[in-house]
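The values are calculated or read from the model by the stated rules, or taken from the named source; none is laboratory data. The structure displayed is predicted, hence computed values, not measured ones. Every residue, glycine as well, gets a Cβ built from its backbone with ideal geometry; the counts of neighbours run over all protein chains shown.
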Amino acid sequence: MRTLIRHLLAATEPAELIDAAGWVRTRRDSKAFSFLELNDGSCLGNLQVIIDQGTPGAEQLPKMSTGASVSVRGRLVASQGGGQAWEMQAAEVRLLGTAPEDFPLQKKGHTPEFLRSIAHLRPRTNLYGAMFRIRSRMSYAVHRFFQERDFHYIHTPIITASDCEGAGEMFRVTTLDPTSGAKQRFEDDFFEKAAHLTVSGQLEGETFACALGNIYTFGPTFRAENSHTSRHASEFWMIEPEMAFCDLQGDMDLAEAMVKCLVVEALEKQDGDLAIFEKFVDKGLRQRLEFVASHPFERLSYTEAVEILQKSGKAFDYPVEYGLNLQSEHERWLTEEHFKRPVTVYNYPKEIKPFYMRLNDDERTVTAMDLLVPGIGEIVGGSQREERLEVLLANMERHSLSLEDYGWYVDTRKYGSVPHAGFGMGFERLLMFVTGMQNIRDVIPFARTPGNCEF
Ligand code: 4AD
Ligand code: MG
């Protein structure tokens, strides 16, 4: 069994004959011996392996070039040079797979654009290796956050007939004609109605919250949004808690607690990996995250936000006017320039929000809330839901949603309706916030954006 390099580098004492394996990052040769820098993906650090020319397998050294895979058996000895405590003196080395000269990740700087074009190889770089280890750890922390608070994890469907957000940004699910094998499609006959990839698990999640109390979903969601921005993807992962017997206040509290918890997780558990983002992406990253973890977020109504923006004297590209959506430049100004911290904006005009949000007593606004963070803008969108049957039915009528299609959803209000609330957090946007990465394409293994579904 090989020992992970992460464990080897953290060893407390020298050790006899250990097996390690990984990919060569660099090789340096001298007359008597060679040094291999080996990385196995378990951590940012490389294991330095010293191979004397007489070592069994050393005759293959010329083929152990950058990118080649190698296994090695050897002793862990105190490192002579600075940097790391331990290195390995090889007793035996084996070449597993060569990497010819055209291996694209030769030791030099590469642009993010180039690395996106080789998304299948980029996790072999230091930065993207760290990125996807952080992504993994953050997924685990999301589950832990909810499980520790007695939320139940619900698998809402990927294929659905409903449109939660009502924005018509859905991908249609169709089938190929099996007789011709060609790209000809059946129209709606497989499910006997039009089916789509889900834009949000919220509506189904609500039905489970109205049975199990507190639930969350965490899965892929899809938007056929033709937005060519650095914050929108056609396929992204969303975390959606839904709480029965909960109002807008409780909803905002949970979102803030969750962002803080995940930031702390990154700081404490992914410390080593975070270092590379601090070095190459955002020098102030750690300081910024520590501030977020330890300070309250700002909260203000949409009306107040609009007033502050209008009084700012700043020339925005998009107009700021009551009744219009806040654009990302407005959201970023509020968080970066004005409050200098994350901000939750609540009570938006009902006209710019979906049908399911609870109408406030002023009858102009709904209990929506968006959590905005510096560097990105919106990272969470949520609301208290309209639990009053009559009001919900009126909203549905205004949005041309039929009882035939949404009767199942209306049942939550018909039978034992309760105040309830929830939100959706874009997992990629959270990862951008935690790492300082500027483009959503760089925080998801295989990005899907308009015009980009290479493999
Ligand atoms: O604000 P949104 O559209 O809200 C909903 O879908 C609700 N049904 C959620 C709920 O209440 N259960 O999306 C929620 C979050 C956004 O704040 C953003 O972080 C992310 O999902 N998001 C996207 N992330 C990447 N690419 C896109 N195209 C995204 N669209 C939304
Ligand atoms: Mg939103």
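Within region 243-255, can you find the residues that are more than 12 Å from ligand 1 (Cβ to nearest atom), of a type in the set (Asp, Glu), in a helix (DSSP H, G or I) and touching a strand residue (DSSP E or B) at 6+ places or on another chain (Cβ under 7 Å)?
Passing the criteria: none in range.
Can you pull out every residue in region 210-237 that is more than 15 Å from LEU197 (Cα to Cα), within 14 Å of ligand 2 (Cβ to nearest atom) and assigned to a strand (DSSP E or B)?
None - no residue of region 210-237 is more than 15 Å from LEU197 (Cα to Cα), within 14 Å of ligand 2 (Cβ to nearest atom) and assigned to a strand (DSSP E or B), so the list stays empty.
Please indicate, with yes or no, whether at least one residue in region 96-104 is in a strand (DSSP E or B) and more than 25 Å from the chain's Cα centre (by Cα).
yes
Find the residue count for region 227-242, including only residues that are of a type in the set (Gly, Ala, Ser), within 7 Å of ligand 1 (Cβ to nearest atom) and touching a helix residue (DSSP H, G or I) at 6+ places or on another chain (Cβ under 9 Å).
The total comes to 1.
Report, by residue number, each residue of region 201-226 that is more than 18 Å from the chain's Cα centre (by Cα), over 13 Å from THR160 (Cβ atoms) and either more than 10 Å from ligand 1 (Cβ to nearest atom) or of a type in the set (S, T, N, Q) (or both).
PHE208, ALA209, CYS210, ALA211, LEU212, GLY213, ASN214, ILE215, ASN226, listed by residue number.
Go through ASP442, ASP361 for me and flag whichever is more than 27 Å from VAL142 (Cβ to Cβ) and more than 11 Å from ligand 1 (Cβ to nearest atom). Let's see the steps before the verdict.
On the way: ASP442 fails: more than 27 Å from VAL142 (Cβ to Cβ).
Step by step, each of ASP442, ASP361 is checked, and only ASP361 is more than 27 Å from VAL142 (Cβ to Cβ) and more than 11 Å from ligand 1 (Cβ to nearest atom).
Do we have GLU240 as within 16 Å of ligand 2 (Cβ to nearest atom), more than 27 Å from PHE291 (Cα to Cα) and either charged (D, E, K, R) or assigned to a helix (DSSP H, G or I) (or both) here? Working first, answer last.
On the way: within 16 Å of ligand 2 (Cβ to nearest atom): yes; more than 27 Å from PHE291 (Cα to Cα): no; either charged (D, E, K, R) or assigned to a helix (DSSP H, G or I) (or both): yes.
In short, no.
Quick check on my filter: what residues within region 257-302 are touching a strand residue (DSSP E or B) at 6+ places or on another chain (Cβ under 9 Å) and farther than 19 Å from PHE145 by Cβ?
Hits for region 257-302 are GLU298, ARG299, LEU300, SER301, TYR302.
Would you please name the residue that is farthest from VAL366 (Cα to Cα), looking only at residues in region 417-435 that are more than 12 Å from ligand 1 (Cβ to nearest atom) and crowded, with 20+ Cβ neighbours inside 10 Å?
THR435
Testing THR160 on (1) out of contact with any Phe, Trp or Tyr (no Cβ under 8 Å at 6 or more places or on another chain); (2) within 16 Å of ligand 2 (Cβ to nearest atom); (3) modelled with pLDDT of 90 or more, one condition comes back false. Which one is that?
Result: THR160 fails condition (2) only.
Go through region 40-76 and report how many residues are over 12 Å from THR26 (Cα atoms) and polar (S, T, N, Q).
Residues that pass the stated criteria total 5.
Name every residue in region 363-385 that is away from ligand 2 (no atom under 13 Å from the Cβ) and on the phi < 0 side of the Ramachandran plot, in order of residue number.
Within region 363-385, ARG364, THR365, THR367, VAL373, PRO374, GLN384, ARG385 qualify.
Being assigned to a loop (DSSP other than H, G, I, E, B) and within 31 Å of the chain's Cα centre (by Cα) is the filter here, so list the residues in region 2-20 that pass it.
ARG2, THR3, LEU4, ALA10
For residues in region 397-424 being of a type in the set (A, V, I, L, M, F, W, C) and at pLDDT 95 or above, which is farthest from GLY166 (Cα to Cα)?
Step by step, filter region 397-424, then rank; the result is VAL418.
Can you name the residue in region 166-200 that is within 16 Å of ligand 1 (Cβ to nearest atom) and at pLDDT 85 or above and is also nearest to GLY381 (Cα to Cα) among such residues?
Top of the filtered list is SER200.
Report whether or not ARG6 is farther than 22 Å from PHE132 by Cα and surrounded by fewer than 18 Cβ atoms within 10 Å (Cβ to Cβ). Steps first, please.
On the way: farther than 22 Å from PHE132 by Cα: no; surrounded by fewer than 18 Cβ atoms within 10 Å (Cβ to Cβ): yes.
Judged against the criteria, ARG6 is not a match.
For region 21-48, name all the residues that are in a loop (DSSP other than H, G, I, E, B), buried (at least 20 other Cβ atoms within 10 Å of the Cβ) and polar (S, T, N, Q).
Hit for region 21-48 is ASN46, nothing else.
Looking at GLU454, GLU428, can you tell me which residue is within 16 Å of ligand 2 (Cβ to nearest atom), closer than 26 Å to GLY129 by Cβ, charged (D, E, K, R) and out of contact with any Ser or Thr (no Cβ under 6 Å at 6 or more places or on another chain)?
Sole residue among the options that is within 16 Å of ligand 2 (Cβ to nearest atom), closer than 26 Å to GLY129 by Cβ, charged (D, E, K, R) and out of contact with any Ser or Thr (no Cβ under 6 Å at 6 or more places or on another chain): GLU428.
Rundown of residues vs (1) in contact (Cβ under 8 Å) with a residue 12 or more places away in the chain; (2) small (Gly, Ala, Ser); (3) closer than 18 Å to LEU371 by Cα, yes/no style:
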| position | (1), (2), (3) |
| --- | --- |
| PHE280 | yes, no, no |
| SER294 | no, yes, yes |
| SER301 | yes, yes, yes |
| LEU309 | yes, no, yes |
| GLU329 | yes, no, yes |
| LEU334 | yes, no, yes |
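So which residues in region 378-416 are of a type in the set (Ser, Thr, Tyr), more than 16 Å from ligand 1 (Cβ to nearest atom) and touching a residue at least 40 places away in the same chain (Cβ under 8 Å), if there are any at all?
Selection gives nothing.
If you check LEU334 against the conditions, is it in contact with a helix residue (DSSP H, G or I) (Cβ under 6 Å, 6 or more places away or on another chain), outside any loop (DSSP other than H, G, I, E, B), modelled with pLDDT of 95 or more and crowded, with 16+ Cβ neighbours inside 10 Å?
Here the answer is no, as LEU334 does not meet what is asked.
Give the number of residues within region 295-316 that are under 26 Å from GLN438 (Cα atoms) and modelled with pLDDT under 95.
So the answer is 4.
Of the residues that sit in region 347-360 and are touching a helix residue (DSSP H, G or I) at 6+ places or on another chain (Cβ under 6 Å) and of a type outside the set (A, V, I, L, M, F, W, C), which one is nearest to ligand 2 (Cβ to nearest atom)?
Step by step, filter region 347-360, then rank; the result is TYR348.
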